[in-house]
Amino acid sequence: MFEINEIKELIRAVDESSVGELEIRGETKEKLTIKKEGTGAAAVAPEVVQVPQQAYAPAPPSAPAPSSEPAEQQTQTKKDDSLEKIVSPMVGTFYRSPSPEADVYVKEGDKVNEDTVVCIIEAMKLMNELEAEVSGEIVEILVDNGELVEYGQPLFLVKHT
């Protein structure tokens, strides 16, 4: 599994070197590709990187942390503990679709499974597709398109079906 600090270090190393692309494959099928923009005719956009969400799953806090969620959302979440949260594995910008003119990946009421891509988190000019990693129905989308999100911030609520 890739740690966020390792990824940042690799990005810096590629950026400071003459290497145009670096690809690393882990033992458990995860893959990390880092491409430098403008390193040849074929390089026109940042490479999409897929990293399993569990690689960045937040450690359980020892004491409840203060929440930045609005009181209404906290109440909704506390009322229905049967809902599964899909959380951001990193700090970045949340995008509901692969491009501004494309359809959104998911909307409320859509059924998802573990492999369904639900959004993109852009971090350090890399577009990271986030998979649901749970099966069920999207009940609520908790953030707006283009919004900055924090590590561990809930993005979606999913009801198991």
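The values are calculated or read from the model by the stated rules, or taken from the named source; none is laboratory data. Given the structure is predicted, the values throughout are model-derived calculations rather than measurements. Positions of Cβ are backbone-derived with ideal geometry, glycine not excepted, and every protein chain shown enters the neighbour counts.
The table below lists the values:
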read-out	value
Strands (runs of 3 or more DSSP E) within the stretch 95-154 that include 3 or more residues under 13 Å from the mean Cα position of the chain (by Cα)	117-123, 126-131
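Listed here are the residues, each with its yes/no results for (1) at pLDDT 90 or above; (2) more than 27 Å from V14 (Cβ to Cβ).
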| residue | (1), (2) |
| --- | --- |
| A59 | no, yes |
| S68 | no, yes |
| Q76 | no, yes |
| T93 | yes, no |
| T116 | yes, yes |
| M124 | no, no |
| E150 | yes, no |
| T161 | no, yes |
